[in-house]
């Protein structure tokens, strides 16, 4: 049973965030010139990437344990996940992926990867507004509407 669950998550990760954070950036880095990064850019890139990877990993674990599903639209969570980083923003997994891309853009001093980062953020923003959120409202009803009203989409609320 554990092997099946692991394979479900591995397939979702390989087909979605791995392509976004590894395959496409590798292609872009091979196709476009980039400047020589400073040591500080590389250190910042590693730190931002590592933070994004940790956040992403935490979200995957929560999807498996709390949500009883995966990040893939074809195998979604069965329960609403509103714990951990999901208490502060509705889409921390995408924030983690975006941080990984930003870290890569910094580390490699790559404008092409930086533009890919912006494209991923924009595409996900549009996807969440027009597809993901309406789908979550259909699946989880009032529980999701209350969550959506209380928790911001991307940036945590400041302390009041």
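So here's what we get for this one:
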read-out	value
Residues 38, 77 arranged by fewest to most Cβ contacts within 10 Å	38, 77
Listed candidates (i) 41, 40, 30; (ii) 51, 45, 26; (iii) 53, 33, 27 - label of the one calculated as Cα extents along the principal axes in Å	(ii)
Projected label distance in nm at residue 18 and residue 38, using a 7 Å step from Cα toward the beta-carbon	3.6
The chain: calculated mean residue ellipticity at 222 nm from DSSP helix runs of at least 4, using -39500 (n - 2.57)	-20000 deg cm²/dmol
Highest-fluctuation residue, 144, 86, 27 considered, GNM on the chain with Cα pairs under 10 Å	27
Simple spin-label estimate for residue 50 and residue 83 in nanometres, 7 Å along Cα-Cβ	2.7
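Values quoted throughout were computed directly from the atomic coordinates according to the rules given, and no laboratory measurement underlies them. What you see is a predicted model, and the numbers here were worked out from it, not measured in a lab. FYI the Cβ positions are ideal-geometry reconstructions off the backbone, even for glycines, and counts take in every protein chain you see.
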